[in-house]
Amino acid sequence: MKRKSCVLMLLMVTALGTSGCSSLITGVPDGSVLMGVYAGSFNGSFNSGDVTVKVYQEPSGAKAAVGQFECDAAYAHWQGELQGSALNATILLPWGGWVKGELSPDGRLLTGTFWFDSVPHDHGSWDAKKK
C-alpha cells in the first residue's frame, strides 16, 4: 500500500511539473542567509521516507523554513516560518496540508508532525538533525 501511494505521488508530481505549475515553490527572499540544513526521516500512516529542512535568516530578521518529504522519488514540498522555537509551515500544492515542529534548545534537532489535506490524508511525525 505504501508503494502504491508513493507511485501515485510521483505521477502527480510529474503531471504538476509538466503543466508548468512547479513555479509555485517560491523559495525565500533575496538576500536571505542559510542558517542550517536538517536531515532525517518521517513516518506517516501510509508513507515513510526522508525529510530535509533548510532554515534561512531573511533580511527582515524572520526565519524561513523550506522543506520536503521524499519517498521512492516522490516529493512533497513545504514552506513556512520558524518563530522562536516553533515551526509552522504549509504543504504546497497539489497536496496541501500543514507541518508543525519544534527546534531543540541547542538548535541541533527539529521534530514535529504533519497532515496532508489530500486523500488518503496521510499524517504522522518527523525528526531531523542539523548537518
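The values are calculated or read from the model by the stated rules, or taken from the named source; none is laboratory data. If you're wondering where the values come from, they're calculated on a predicted model, not measured in any experiment. Backbone-built Cβ (ideal geometry, glycine too); neighbour counts: all protein chains shown. These accessible areas exclude ligands, DNA and RNA; they are computed on the full protein's heavy atoms, side chains included. Shrake-Rupley method; radii C 1.70, N 1.55, O 1.52, S 1.80 Å.
The residues in the stretch 63-75 that are modelled with pLDDT of 95 or more and farther than 19 Å from G97 by Cβ can be counted, and the count is 1. Identify the residue in the stretch 62-73 that is open to solvent by 10 Å² or more (accessible area, probe 1.4 Å) and part of a strand (DSSP E or B) and, among all such residues, is farthest from P120 (Cα to Cα). Looking at the filtered set, the residue picked out is K63.
Yes/no per residue for (1) open to solvent by 40 Å² or more (accessible area, probe 1.4 Å); (2) out of contact with any Ser or Thr (no Cβ under 8 Å at 6 or more places or on another chain); (3) of a type in the set (G, A, S); (4) modelled with pLDDT under 90:
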| residue | (1), (2), (3), (4) |
| --- | --- |
| M1 | yes, yes, no, yes |
| L8 | yes, yes, no, yes |
| V13 | yes, yes, no, yes |
| P29 | yes, no, no, no |
| S32 | no, yes, yes, no |
| M35 | yes, yes, no, no |
| F42 | no, no, no, no |
| D50 | yes, no, no, no |
| K54 | yes, yes, no, no |
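Taking the stretch 28-61 as the range and being in a strand (DSSP E or B) and over 18 Å from F114 (Cα atoms) as the test, the residues that pass are V33, L34, M35, G36, V37, Y56, Q57.
Restricting attention to the stretch 74-131, report how many residues are small (G, A, S), open to solvent by 50 Å² or more (accessible area, probe 1.4 Å) and in a loop (DSSP other than H, G, I, E, B).
Total meeting the criteria: 1.
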